[in-house]
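The structure appears right after this line, and notes come after that.
The values are calculated or read from the model by the stated rules, or taken from the named source; none is laboratory data. These figures come from a predicted structure and were not determined experimentally. Because the Cβ atoms are built from the backbone with ideal geometry, glycine has one as well, and the counts that use them run over all protein chains shown. Side chains are part of the model used for accessible areas, which takes the heavy atoms of the whole protein and leaves out ligands, DNA and RNA. Shrake-Rupley method; radii C 1.70, N 1.55, O 1.52, S 1.80 Å.
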Amino acid sequence: DYLFSPGKEPKKPDASRQLGHLFNAYAQAINKNYGRTGSLMEKPYERKRITSETYLKQLIFYIHNNPVHHKVVQRMGEYPWSSYNILLSDTPTILKRKEVVEMFGDIDNFKAYHERN
C-alpha cells in the first residue's frame, strides 16, 4: 500500500520494516496461543549487500533451487510460488523479467545455468 496525502508524493512502504512487523505479530500470536515466550526463529533474518552481478545470479539460482534442495519438489518448475516459471513464460508480471534473463545472456542460458547448478 502507498500512503497518500493531497499534494504530496506517495510514500513507499519500507519492506524490511513491514517484514519485521509481520514476524513480530506472528510470534506474538503463536506465543499467546501456545502459552510460550521468546523468539520463534533461530536467529533474526539478515540482509546482505549484493556486490556483483555474479553474486546476484547465484542468489537467483539459490532462491529458485531452495525448494529442490529441501526436497519440497524434485524440479524447480514444480514449485508454484517461485518466480522461476514466470521468468520462463510470457505471462504479464511486475518482475523485471527482461533484465533478469539478460543477466544470463538469454532464456536458453538462463535455463542452462539453472540446470547445471
- Item | Scope segment 36-66; condition farther than 22 Å from ASN109 by Cβ and either open to solvent by less than 70 Å² (accessible area, probe 1.4 Å) or charged (D, E, K, R) (or both); matching residues | ARG36, GLY38, LEU40, GLU42, LYS43, GLU46, ARG47, LYS48, ARG49
- Note on the structure: Of the listed residues (HIS70, HIS114), the one being at negative phi and loosely packed, with under 11 Cβ neighbours inside 10 Å is HIS70
- Query: List the pairs whose first member sits in segment 6-33 and is farther than 23 Å from GLU46 by Cα and open to solvent by less than 90 Å² (accessible area, probe 1.4 Å), whose second member is at pLDDT below 90 and among the hydroxyl-bearing types (Ser, Thr, Tyr), and whose Cβ atoms are under 9 Å apart, counting only residues at least 6 apart or on separate chains?
  - Reply: PRO10/TYR2
